[in-house]
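The values are calculated or read from the model by the stated rules, or taken from the named source; none is laboratory data. This one's a predicted model, so the numbers in the text were calculated from it and none came from an experiment. Heads up, the Cβs are rebuilt from the backbone with ideal geometry, glycines too, and the neighbour counts pull from every protein chain shown.
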Amino acid sequence: MRRLSLIHPAIGHRRGEKYIRSWQMEPLPAAAIAGLTPKDIELRFHDDRMELIPYDEATDAVVLSVETYTARRAYQIASEYRRRGIPVVMGGFHPTLLPEEAERFAEAIVVGEAEGIWVEVIDDLYSGTLHKRYQAEEQPDLRQVRLDRSIYGKKRYLPLGLIETGRGCRFPCEFCAIQSFFQRTHRSRPVDAVIAELQSLQQRSKLFFFVDDNFAGSLSACKELLDAMQGLQVRWVTQMSINAAHDEELLALLARSGCMGVLIGFESLDEQNLKAMGKGFNQMRGGYRIALDNLRRHGIRVYGTFIFGYDRDTPESFDQAVDFAIEQRLYIAAFNHITPFPGTPLYTRLQAEGRLRFDHWWLDPAYRYNDLPFRPARLSPQQVTAGCVAARRRFYRWPSILQRGFDAINRSDPFMFRNFFPINWMHRTEVSQRNGYPLGDETWQGELLEADR
């Protein structure tokens, strides 16, 4: 019997906390790898956020999908398996952005997307000819996407159906790792495949989340899918760039297809900050207020995100963003510091300017979640962290929750209105919960073992 273990690493684990946590979102990368793996291989899936990893369980190899925030924990997990003589394969955003680093802690890495190359990795693994690095010669046809959600078993994930309708984004946002990973391209999955997946999950999910990096990455493909969704009677949310909010045909299709809300990255209210980010397009056709009026007219709720730490931010920037978010009755909102991810233009610029506070913040034991990894122009790192926490706390005060909750749009759908208060309460209780959270497991006593080269 051939066996593989798929593991989804957590960001970390704090000393003394309850280790096992439920109600996380399903990790789609694991299901994608499972769908590509030959059926004669027995798969075991372990979610490090929710369960203890059985390191001594019999397996031929371990596969980890790694993001920058989970890199240190992934390397700890890999070291435990390597100590037991089990080979490790890594893929995902972080190994793609920093392949030389990831190769130190894995017998093999997959750079870029797995479709089109994964069968070769499996063949080499079982023939004893595993290479150090795998990368498909071209971007795969998204008809190859095959998700096997059976690996989740009875784990208690949020009752939210996650579906991918496309990949990538063409916008050149300075801070965004997505443009680096997909090289500023966007591709859409075939409409019939998305519709079939939606229909297969309708019995188990009351709300769907289209996890695309930019659902409106191709307006023509987006409209084709939305047109095909008419009559399915599903509720769904997604994330998209604000330019789509100026397309009346698209907005009408969103509403008719069951769109309950969209996540939009406003990022900043300062025009010069937006230009520095490469997001000057946010101000097109009259800017935010016109875009939000358009969405509201079609009954679409908004989850707005704001980031801080850019060069023109001041102590007043936080309250200005919160004032705007409350005034516009946003369903929910996020107020976070900007993070320089390796492989992005932002990281390269800050490194060249000598403004990084850590050589590799994602591996540094001194770094904690919500620390600002660089020195801003007008604020201290501590001011940015504190300002973000204060902004969250103010936005999720009860007067704000009540004022936004009884807005005509936020209460127009019984399902979304019923869930408004639990969702906002959850955000209220988590305002500063992750402050100081470690990257990696604080209780882990080993040392990171590097793979043989």
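From the residues in segment 353-394 that are of a type in the set (S, T, Y) and touching a residue at least 24 places away in the same chain (Cβ under 8 Å), which one is nearest to I332 (Cα to Cα)? Walk me through it before giving the result.
Taking segment 353-394 as the starting set, the residues that turn out to be of a type in the set (S, T, Y) are 367, 369, 380, 385.
In the following step, the residues that additionally are touching a residue at least 24 places away in the same chain (Cβ under 8 Å) were identified as 367, 369, 385.
Details: Y367: 28, Y369: 21, T385: 20 Å.
Among them, the one singled out is T385.
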| task | Go through R411, R394, R418 for me and flag whichever is part of a loop (DSSP other than H, G, I, E, B) and of a type in the set (K, R). | result | R411
| said: Against the conditions (1) in contact (Cβ under 8 Å) with a residue 60 or more places away in the chain; (2) of a type in the set (S, T, N, Q); (3) over 26 Å from D212 (Cβ atoms), where does T59 fall short? Just the number, please. | reply: (1)
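Okay, residues lined up against (1) surrounded by 15 or more Cβ atoms within 10 Å (Cβ to Cβ); (2) modelled with pLDDT under 95:
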{"position": "Q203", "(1), (2)": "no, yes"}
{"position": "K206", "(1), (2)": "no, yes"}
{"position": "L226", "(1), (2)": "yes, no"}
{"position": "L251", "(1), (2)": "yes, no"}
{"position": "I264", "(1), (2)": "yes, no"}
{"position": "S268", "(1), (2)": "yes, no"}
{"position": "Q272", "(1), (2)": "no, no"}
{"position": "G304", "(1), (2)": "yes, no"}
| task | Return yes or no: is A106 assigned by TED's automatic domain parsing to the domain that holds D47, modelled with pLDDT under 95 and of a type in the set (A, V, I, L, M)? | result | no
| request: Kindly establish whether L350 is touching a residue at least 12 places away in the same chain (Cβ under 8 Å), touching a strand residue (DSSP E or B) at 6+ places or on another chain (Cβ under 6 Å), over 29 Å from T238 (Cβ atoms) and surrounded by 16 or more Cβ atoms within 10 Å (Cβ to Cβ). | output: yes
| remark: Exactly one of A391, A451 is touching a helix residue (DSSP H, G or I) at 6+ places or on another chain (Cβ under 9 Å), among the small types (G, A, S) and at pLDDT 95 or above, and that residue is A391
| query | Across segment 351-381, what is the number of residues that are under 13 Å from I338 (Cα atoms) and part of a helix (DSSP H, G or I)? | reply | 1
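Between L43, L52, which is in contact (Cβ under 8 Å) with a residue 12 or more places away in the chain and either surrounded by 16 or more Cβ atoms within 10 Å (Cβ to Cβ) or not assigned by TED's automatic domain parsing to the domain that holds V89 (or both)? Write out each step before concluding.
Details: L52 fails: either surrounded by 16 or more Cβ atoms within 10 Å (Cβ to Cβ) or not assigned by TED's automatic domain parsing to the domain that holds V89 (or both).
Only one candidate passes the filter, namely L43.
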